[in-house]
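Written below as structure tokens is the structure these notes are about.
The values are calculated or read from the model by the stated rules, or taken from the named source; none is laboratory data. Just so you know, these numbers come straight off a predicted model, no measurement behind them. Because the Cβ atoms are built from the backbone with ideal geometry, glycine has one as well, and the counts that use them run over all protein chains shown.
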Amino acid sequence: MNTIILSAIFGVVMMFSGIFIHNRSAYKNISSAALLLLLVFNIFESQGSSLFNINTTNFLHFNKFGLLFNSICIFSTLIYVMLSGREIEKAGNNTAEAHALIFFVLCGIGIVTSYTNLLMLFIGIEILSIPLYILTGSDKKNLKGNEAALKYFLMGSFSTGIMLMGIAMLYGSGGTFMLENVVKNGIVSYLSALGMVLIFIALCFKVSAAPFHFWTPDVYDGAPAVITSFMATVVKVAGFAAFIRLIEGRLGSMGSQTDRLIAIVIILTLAFGNLTAVFQQSVKRMLAYSSIAQAGFMLFSLFAVNDAAKEGLLLYAAAYSLATIGIFAVLAKMDDMTLEGFNGLSKSQPLIAALLAIFLLSLAGIPLTAGFFAKFYMLSAVVKTGKYLGLVIIGVLFAAVSAYYYFKVIQAMYFKDGNVVLAPVTARFKYLLLFVAALIVVLGVYPNALLSFLYF
Amino acid sequence: MSTTEILFWFLSALALVSATMVLISKNPVHSILWLIIVFFAISGHYVLLNAQFLAIVNLIVYAGAIMVLFLFVVMLMNLNSDSEPQKNSRFKVAGTIAGGCLMLIMIDVIRDAGEVQNAKALVKVGNIGLIKNLGMALFKDYVIPFEISSVLFLSAMVGAVVIGKKD
């Protein structure tokens, strides 16, 4: 409850600071301080001391998994605001409001990681999405950004409609919004299966799983790079938190073909994401496709839904968010976002090039980085279920494909010559980036550093 | 047939016909007018189910406020059949097939669903739709989603101002 209430309050605080404080670079600091507070209070709650004592039975249930997920999301947002605060200022004229909207998104995340009721799922997903539509179009002079925002808004509303229809069907079949399976005489009713499939489709849309991913490249490419960074990381992994809760609670309502359905979605997502990413020339667009591919890996957790899958999802959320936020923080400072733009980065900025290489290696899943253990946990979760072992092989194959396009960026940085145009970077930015890279390596050597929070 | 049944069939037919007209009329203003009729027909259904408050709110909010906004937008943008972009015929065929498949599945599922076999709508009985009971449900059982949805509206409002403001 701490996260939900406090982040809403901090959002309002940010709005008011827009009235009283006119120094635009101050917003970043206020926002970082508020995020730090939010993180501290969320950790307090996961240790069992909540500020608010509200009877939320039937609607929200706060468990260790959800609260740790909140912590990861809030921490990633904190890193994101500290790294890219200056770019948020440049992305539009309403900096304070942009920060307020980021807090509202966190409020939505607090809901979708702990809902037990489909009504709350709906409200949470909407609180998560609506600020994003606005942030996507925050640079009003940029035509591509406007197009992306409108496209995102229309497609997002459409998928929301599908989700509502699914919720209505589920209610019609069982007479309850709760996350519990209503099975009479061992037979899953057609209505509830249809309802679950509709909600499944809507959530697939939100996490950009194929074949509902068509909006992703355009929106991620059109939006300002800072906003893409937030959308592709924190918000996307929160979508998976919502997804795994739904599948965990209502899997039985979907009928006997669920495994096959999820397996098909996984294979399609991996194939579309990886194979199209190979041919991209723009690094920003390549990262958009790679985010689809990474979503394919996170979908493994929905297939398995066991303890290993949940641990893997947490690790994946942390590894993927941190690495992608790091890459985007550098990318947002570059003029030329194509592969050529990275030529010779190692000569002019050796430290940043090395850190970028670590992030890219983590995304590719090379051992000693967090990305390796994240992928390992996901695959081992599927192995533990003992079903569809072919999926694991396909996953490994596509992980190998993904290494190709991540290494192309590393190759451009280290083995090609060119002049990199990079906005001035402060020493603080470099230290922070170094800290993020260190975290990724620590998680890659000792993943229990994160996962042990789940059991204490 | 009792009066209620006659009313039910009349309202259902009206809703379906007007909904189809929304889709096939060429002029967007006509589409919106047909949509208003759909809302009226659905409000009629609410009244039959003894949910008067819901019926009135549906009329005031949807048929009244939102549809007037729609009309304004359509009229201000001066949309008509001439300015409508030509759609690719392949998309039309693909859309018809995809939409038709979905409709087929939905109709089949709802027709075969065990929950609705021999089930009867509670016409004229049941009083959950009355304003007193609705208030009790909203502020006691469903108070948490009710309160949290304020964050949703706040963020939407901030967004509307941010987008609408002149830079």
Practice item. Would you confirm whether any residue within region B:60-70 is at pLDDT 90 or above, more than 23 Å from residue A:169 (Cβ to Cβ) and among the β-branched types (Val, Ile, Thr)? Key: yes
**Study point:** Residue satisfying condition, being more than 15 Å from the chain's Cα centre (by Cα), assigned to a helix (DSSP H, G or I), modelled with pLDDT of 90 or more and within 14 Å of chain B (Cβ to nearest Cβ), within set A:227, A:201, A:264
**Key:** A:201
Review point. Do any residues in region B:126-150 that are within 12 Å of chain A (Cβ to nearest Cβ) and without any contact (Cβ under 8 Å) to a residue 60 or more places away in the chain have Cβ atoms under 8 Å from those of residues that are loosely packed, with under 13 Cβ neighbours inside 10 Å and assigned to a helix (DSSP H, G or I), where the two are at least six apart or on different chains, and which pairs are they?
Key: B:146/B:138; B:146/B:139
Exercise for review: Evaluate region B:80-89: report whether one residue or more is surrounded by 16 or more Cβ atoms within 10 Å (Cβ to Cβ), among the polar types (S, T, N, Q), more than 30 Å from residue A:182 (Cα to Cα) and in the same structural domain as residue B:7 (by TED's automatic domain parsing).
Suggested key: no
Exercise for review: Please tell me if residue A:359 is farther than 26 Å from residue A:81 by Cα, under 25 Å from the mean Cα position of the chain (by Cα) and in a helix (DSSP H, G or I).
Suggested key: no
Check your understanding: If we keep just the residues of region B:151-167 that are at the interface with chain A (Cβ under 7 Å from one of its Cβ atoms), of a type in the set (Val, Ile, Thr) and out of contact with any Phe, Trp or Tyr (no Cβ under 7 Å at 6 or more places or on another chain), which is surrounded by the most Cβ atoms within 10 Å (Cβ to Cβ)?
Key -> B:158
Revision key, fill the gap. Residues of region B:96-146 being more than 30 Å from residue A:124 (Cα to Cα), over 23 Å from the mean Cα position of the chain (by Cα) and at pLDDT below 85, in sequence order, are B:112, B:114, B:117, B:118, B:119, B:125
**Study point:** region A:320-343 residues that are within 30 Å of residue A:378 (Cα to Cα), paired with ones that are at pLDDT below 90 and hydroxyl-bearing (Ser, Thr, Tyr) (beta carbon under 7 Å, 6 or more apart)
**Key:** A:329/A:84
Practice item. Could you tell me which residue of region A:64-90 is surrounded by the fewest Cβ atoms within 10 Å (Cβ to Cβ), considering only residues that are under 23 Å from residue A:25 (Cα atoms) and among the small types (Gly, Ala, Ser)? Key: A:85
Practice item. Would you check if there is a residue in region A:27-42 being of a type in the set (D, E, K, R) and either crowded, with 17+ Cβ neighbours inside 10 Å or more than 26 Å from residue B:146 (Cα to Cα) (or both)? Key: yes
Check your understanding: Which ones in region B:89-125 are part of a loop (DSSP other than H, G, I, E, B) and more than 14 Å from every other protein chain (Cβ to nearest Cβ)?
Key -> B:118, B:120, B:123, B:124, B:125
Practice item. Counting only residues that are in contact (Cβ under 8 Å) with a residue 60 or more places away in the chain and within 12 Å of another protein chain (Cβ to nearest Cβ), give me the helices (runs of 4 or more DSSP H) lying completely in region A:1-118 with at least 2 of them. Key: A:2-20, A:95-112
Exercise for review: Hey, can you tell me all the residues within region B:1-36 that are touching a residue at least 40 places away in the same chain (Cβ under 8 Å) and not in a helix (DSSP H, G or I)?
Suggested key: B:26, B:27
Study note, to complete from the structure: Only one of (1) outside any loop (DSSP other than H, G, I, E, B); (2) buried (at least 22 other Cβ atoms within 10 Å of the Cβ) does not apply to residue A:154, and that is (2)
Review point. Given A:390, A:371, which one is closer than 30 Å to residue A:264 by Cα and surrounded by fewer than 16 Cβ atoms within 10 Å (Cβ to Cβ)?
Key: A:390
Exercise for review: Consider residue A:241 carefully, then state whether it is surrounded by fewer than 23 Cβ atoms within 10 Å (Cβ to Cβ) and either modelled with pLDDT of 90 or more or assigned to a helix (DSSP H, G or I) (or both).
Suggested key: no
Check your understanding: Are any residues in region A:129-145 touching a residue at least 40 places away in the same chain (Cβ under 8 Å), in a helix (DSSP H, G or I) and either facing chain B (nearest Cβ under 10 Å) or within 22 Å of the chain's Cα centre (by Cα) (or both), and if so, which ones?
Key -> A:129, A:132, A:135, A:136, A:145
Exercise for review: Scan region A:377-411 for residues that are without any contact (Cβ under 8 Å) to a residue 24 or more places away in the chain and assigned to a helix (DSSP H, G or I) and report the count.
Suggested key: 8
Exercise for review: Please work out which one of (1) in contact with a Gly (Cβ under 6 Å, 6 or more places away or on another chain); (2) surrounded by fewer than 22 Cβ atoms within 10 Å (Cβ to Cβ) is the condition residue A:4 fails and give its number.
Suggested key: (2)
Review point. Can you tell me which residue in region A:147-177 is farthest from residue A:88 (Cα to Cα), limited to those that are in contact (Cβ under 8 Å) with a residue 60 or more places away in the chain and more than 10 Å from chain B (Cβ to nearest Cβ)?
Key: A:170
Review point. Of the residues that make up region A:300-315, is at least one outside any helix (DSSP H, G or I) and in contact (Cβ under 8 Å) with a residue 60 or more places away in the chain?
Key: yes
